[in-house]
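Undergrad: First the structure, which I've put down as structure tokens, then a few questions once you've had a look.
Every number here is computed from the coordinates shown, using simple stated rules; none is lab data. Everything numeric in this text was worked out from a predicted model, so none of it was measured. Backbone-built Cβ (ideal geometry, glycine too); neighbour counts: all protein chains shown.
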Amino acid sequence: MRLAHLWDQSRCVACGACIAACNAANYRSSTGENKTWGWLRSNIKRITVERGIRPMLLLVQCQHCDNAPCVTVCPTGASYKDADGLVKIKPELCIGCKYCMVACPYEARWLDKETGLPMKCMGEECVSRVKAGLRPVCVEVCPAGARAFGDIDDPMSEISRRLARSRYVRLLEEKGTSPKYFVVVGP
Amino acid sequence: MTAFQHIWDPWLIGPFLWLAGISGMTAVAYVLLKWSGVEEKRRELSWVTFISLALALVFVVADLSRPWNMPSAIMSAVFGGTFGWTRSWMAVGIVLLLVMLVLALLVALRHTGAGALRPLVDARWYDALLLLMGVAVTIYSGFLIAAAPGVPFWNTALIPVLWIISASVCATAVVKLLVHSEAVSKVATRYSLALDAAELLAVFALINLALYGGSRAARASAEALAYGELAAPFWIGVVALGILAPLFIGLYLAKRENKYLATTAAVLALIGALLLRVLVLQAGVFEMPI
């Protein structure tokens, strides 16, 4: 089993519902700061390019890489890849060295100053939702159907079917991380 | 404005890397002096090795966001089989630093009245182990940041090479500051000259490869150092005062030894090496995923 995220750039209306829902579900709508990203306490960050060839929006979060550098560099095994293919954190093993944060090419982790823990997708609430067979909140709330989540090893899963009929890219693939966050760029 | 990394504090991790390098290479210098039959200031040198390492640990622990969890997390990881013995440079470093701390402490105590330690510390195998561990700790301080693929400017084989050269410069500077023997000073001056030249070349290579390499983030880091926000401390602090000044003073000293000039060169080289690490850390930039 390899659980993965899909975000359809061509369908996204940039409403920010996924970002807000992540904050609400995983951080109890906290208005506290996420100093690492200069952003709110959410595991999804928005990157906009306004002066490129064309304006572009990108939502970036943990890519749950098959070859995750954060897992490799972690001295204690606090960052690990679970049997379901998701990269998770065991807080009891984390010493707060932040090596995982500098190792991640996507800068997908941010530091919770209160607990000293690196935070990332998925948050606690989403992990328990997935365990219960539900979809992560960002997928659930998306009004445009721009997100999907599921097992890419199962050809009948929604994510596999959407990937089969779409053009997609994976971010910074040249880093050798084998990311499992698929950015659909068109049909 | 360049978006530099704010994850590792350059003024905590920079001094950590610098002190770890000083400790590692002064241990090497200690062994080489011992093998050359130089007795002068070996006790002081052994304490420099130990205190640098102890201070290095203080700096690295100060940057941890969960330091209180460290002992139990490490013990759980070791006994639970998840400790990254061969996987993570941070884990390798934890082991190397702790072993080195014990080795350096025993050497320092041996020179400070603990005569019972002589049969152990004076053994040839102990020297060889200390030398190997010194090199290993220094190399580790380079690989620690070079093995972080998130920051392309650090993610290069040049960093460990530059770090070992720069740490050797520091160790030679410490020897020059401590030892008064003219013969040793002359040898140290010759070593310093070669090492300063090598450091200059390595710094040039690091900046140049990043400026003309394929990574936009590494280029942004190199640009910040070469002619951006960090250019002034880089050119004045690292290159001019930290490398070129000791190099030119060394050229003069090669003809005529002068204690005051030698001290100036050594202090400048030490400060330059610290600044080099701080600036390289500060210049870290993440790649844009677009």
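Undergrad: For chain B, which DSSP H helices look membrane-span-like by this rule: Cα extent along the axis of 18 Å or more and mean Kyte-Doolittle of at least 0.5? Before the final figure, lay out the partial values.
TA: Numbers: long enough: B:10-35 (37 Å, 1.26); B:42-62 (30 Å, 1.51); B:89-110 (31 Å, 2.70); B:124-146 (33 Å, 1.42); B:158-178 (30 Å, 2.13); B:182-212 (45 Å, 1.08); B:259-282 (34 Å, 1.73).
Length and hydropathy pass: B:10-35, B:42-62, B:89-110, B:124-146, B:158-178, B:182-212, B:259-282.
Undergrad: log10 I(q)/I(0), Debye, Cα-only the protein assembly as shown, no solvent, q = 0.11 Å⁻¹?
TA: For the protein assembly as shown at q = 0.11 Å⁻¹, log10 I(q)/I(0) is -0.91.
Undergrad: Shielding of B:146-155 by partners, i.e. mean partner chain Cβ atoms within 10 Å per residue?
TA: Details: counts 0, 6, 9, 12, 16, 5, 2, 0, 1, 5.
That works out to 6 on average.
Undergrad: Enter the mean projected area of the convex hull around the alpha-carbon atoms of the stretch B:110-265, in nm², rounded to one decimal.
TA: Values: hull surface 46.1 nm².
That works out to 11.5 nm².
Undergrad: For the stretch A:1-42, which trypsin sites (Lys or Arg not before Pro) pass both filters: DSSP loop (anything but H, G, I, E, B) and at most 11 other C-beta atoms within 10 Å? Walk me through the numbers before you get to the answer.
TA: On the way: sites: A:2, A:11, A:28, A:35, A:41; in loops: A:2, A:11, A:28, A:35, A:41.
Qualifying residues, ordered by number: A:28.
Undergrad: Per-residue HN-Hα couplings for the stretch A:6-19, Karplus 6.51 cos²θ - 1.76 cosθ + 1.60 at θ = phi - 60°, whole Hz, x for Gly and Pro?
TA: Going residue by residue, I get 10, 10, 8, 4, 6, 9, 5, 9, 6, 7, x, 4, 5, 5 Hz, with x marking Gly and Pro.
Undergrad: Same structure again: Residue B:43: net charge of surrounding residues, Cβ under 12 Å, Lys/Arg +1, Asp/Glu -1, itself excluded?
TA: Working: positive: B:34, B:41, B:42, B:110; negative: B:39, B:40, B:44.
Charge balance in the 12 Å sphere: +1.
Undergrad: If each DSSP helix of 4+ residues adds -39,500 (n - 2.57) and the sum is divided by the residues in the protein assembly as shown, what number results at 222 nm, nearest 500 deg cm²/dmol? Provide the component values of the computation, followed by the final result.
TA: Working: 17 runs with 247 residues, N = 477.
Calculated from helices alone, the mean residue ellipticity at 222 nm is -17000 deg cm²/dmol.
Undergrad: Please sort by residue number the GluC sites (Glu not before Pro) in the stretch B:1-73 whose DSSP state is loop and whose Cβ has at most 10 other Cβ atoms within 10 Å. Could you put the intermediate results ahead of the total?
TA: Working: sites: B:39, B:40, B:44; in loops: B:39, B:40.
Here the sparse-neighbourhood loop sites are B:39.
Undergrad: For each of B:129, B:45, A:40, count neighbouring Cβ atoms within 10 Å of the residue's Cβ, then give the residues from fewest to most.
TA: Working: B:129 16, B:45 25, A:40 19.
Sorted ascending by nearby Cβ count, the order is B:129, A:40, B:45.
Undergrad: Here's something else I'd like to know. Restricting attention to the stretch A:51-148, which GluC sites (Glu not before Pro) occupy a DSSP loop and are surrounded by at most 11 other Cβ atoms within 10 Å? Walk me through the intermediate numbers first.
TA: Numbers: sites: A:92, A:107, A:114, A:124, A:125, A:140; in loops: A:107, A:114.
Answer in residue order: A:114.
Undergrad: Here's another thing I want to ask about it. Let me have the relative contact order for chain B, percent, based on Cα pairs under 8 Å that are six or more residues apart.
TA: Numbers: 417 pairs, mean separation 75.9, N = 290.
About 26 percent, as a whole number.
Undergrad: Placing one identical point scatterer on every Cα of the stretch B:1-100 and ignoring solvent, what is log10 I(q)/I(0) from the Debye formula at q = 0.15 Å⁻¹?
TA: At q = 0.15 Å⁻¹ the computed log10 ratios are -0.75.
Undergrad: Let me ask something additional. With the radius of gyration and the Kirkwood radius both derived from the Cα set of the stretch A:47-187, what is their ratio Rg to Rh?
TA: Details: Rg = 15.8 Å, Rh = 16.4 Å.
Over the Cα atoms of the stretch A:47-187, Rg/Rh equals 0.97.
Undergrad: Could I ask something else about it? Please identify the cysteines of the protein assembly as shown that lack any partner cysteine with a Cβ under 4.7 Å from their own Cβ.
TA: When partners are defined as cysteine Cβ atoms under 4.7 Å apart, the protein assembly as shown leaves A:12, A:15, A:22, A:65, A:74, A:94, A:97, A:104, A:126, A:142, B:170 without one.
Undergrad: If you don't mind, there's one more thing I want to ask. Using only Cα positions of chain B, each an equal point scatterer, no hydration layer, compute I(q)/I(0) via Debye at q = 0.09, 0.13, 0.14 Å⁻¹ and quote the log10 values to two decimals.
TA: Here the Debye-derived log intensity ratios amount to -0.45, -0.90, -1.03.
Undergrad: For the stretch B:208-259, what's the radius of gyration and Dmax over Cα atoms, in angstrom?
TA: 15.5, 47
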